[in-house]
């Protein structure tokens with residue numbers, strides 16, 4: 001009990017004397033084992049509380065893990081994943097916030113490091129949510145199941161295509177590429193996917209936070225076609 005409830009010193013040691021032992025038996029045991037099922041249950045409660053936008057619950061389960069001896073690195077890894085998986089495009093600054101908090105934690109250590117854990121946890125909890133970055137798994141599925149389609153000719157490397165065209169005495173299709181920055185709004189109607197997938201729509205933008213603005217731009221682009 002004393003080991004679980006004592007704070008490490010500057011050399012990461014927990015020194016247990018008779019007074020610490022006496023005090024520890026008066027504390028409630030945190031029901032947590034880093035290597036057992038409770039580890040996964042607590043981590044799940046932590047993640048689901050942030051996903052549910054409940055900062056109090058997220059802080060509670062995070063502190064329970066820390067008090068139970070969880071490595072803060074594990075908590076930061078979960079928050080880094082969450083920043084892209086569950087907040088994602090709704091607040092693109094969330095990932096930077098968690099990364100910066102993680103960096104600050106390394107520079108300052110504990111107990112002040114609790115501020116950085118709290119900062120990241122609260123930020124993720126109250127941030128607008130979007131899981132649209134999960135589109136990457138649908139695309140990976142497509143490629144694994146059906147292979148990679150043919151690159152449209154105008155997207156191929158211009159130099160390599162020029163050499164091939166010169167050798168075969170034919171038109172260099174790479175010259176047909178339209179440079180978006182040379183058109184109004186820095187966009188031009190042009191095909192980028194293989195012919196068989198030209199109507200694919202894996203990315204489905206959310207409607208929360210910053211992503212709503214990006215979604216509106218994408219809608220206008222698609223309507224422009």
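The values are calculated or read from the model by the stated rules, or taken from the named source; none is laboratory data. This one's a predicted model, so the numbers in the text were calculated from it and none came from an experiment. Here the Cβ is made from the backbone with ideal geometry for all residues, glycine too, and neighbour counts use every protein chain on show.
Give the residues of the range 181-225 that are part of a loop (DSSP other than H, G, I, E, B) and on the phi > 0 side of the Ramachandran plot, sorted by residue number.
209
Would you pick out the residues in the range 139-159 that are more than 25 Å from the chain's Cα centre (by Cα) and part of a helix (DSSP H, G or I)?
Matches in the range 139-159: 145, 146, 153, 154, 155, 158, 159.
It is to be established whether one or more residues within the range 175-186 are surrounded by 14 or more Cβ atoms within 10 Å (Cβ to Cβ), touching a helix residue (DSSP H, G or I) at 6+ places or on another chain (Cβ under 9 Å), modelled with pLDDT under 85 and under 26 Å from residue 142 (Cβ atoms).
The answer is yes; a qualifying residue exists.
Which residue pairs have Cβ atoms closer than 6 Å, lie 6 or more positions apart in sequence or on different chains, and pair a first residue in the range 167-186 that is over 22 Å from residue 151 (Cβ atoms) with a second residue that is assigned to a helix (DSSP H, G or I) and modelled with pLDDT of 80 or more?
From residues that are over 22 Å from residue 151 (Cβ atoms), the pairs are 186/180.
With 102, 119 as the choices, which residue is assigned by TED's automatic domain parsing to the domain that holds residue 84 and crowded, with 18+ Cβ neighbours inside 10 Å?
Unique residue meeting the criteria: 102.
So in the range 1-49, with the set limited to residues that are part of a helix (DSSP H, G or I), within 31 Å of the chain's Cα centre (by Cα) and exposed (fewer than 10 other Cβ atoms within 10 Å of the Cβ), which one is modelled with the lowest pLDDT?
37
Residues checked against (1) part of a loop (DSSP other than H, G, I, E, B); (2) within 24 Å of residue 208 (Cα to Cα); (3) free of Cβ contacts under 8 Å to residues at least 12 places away in the same chain; (4) in contact with a helix residue (DSSP H, G or I) (Cβ under 9 Å, 6 or more places away or on another chain):
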| site | (1), (2), (3), (4) |
| --- | --- |
| 56 | no, yes, yes, yes |
| 79 | no, yes, no, yes |
| 88 | no, yes, no, yes |
| 96 | no, yes, yes, yes |
| 103 | no, no, yes, yes |
| 111 | yes, no, no, no |
| 120 | no, yes, no, yes |
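Quick one: is residue 130 in contact with a helix residue (DSSP H, G or I) (Cβ under 6 Å, 6 or more places away or on another chain), under 25 Å from residue 216 (Cα atoms) and part of a helix (DSSP H, G or I)?
Judged against the criteria, residue 130 is not a match.
Take the residues of the range 50-79 that are under 20 Å from residue 206 (Cβ atoms) and crowded, with 18+ Cβ neighbours inside 10 Å: which is farthest from the chain's Cα centre (by Cα)?
50
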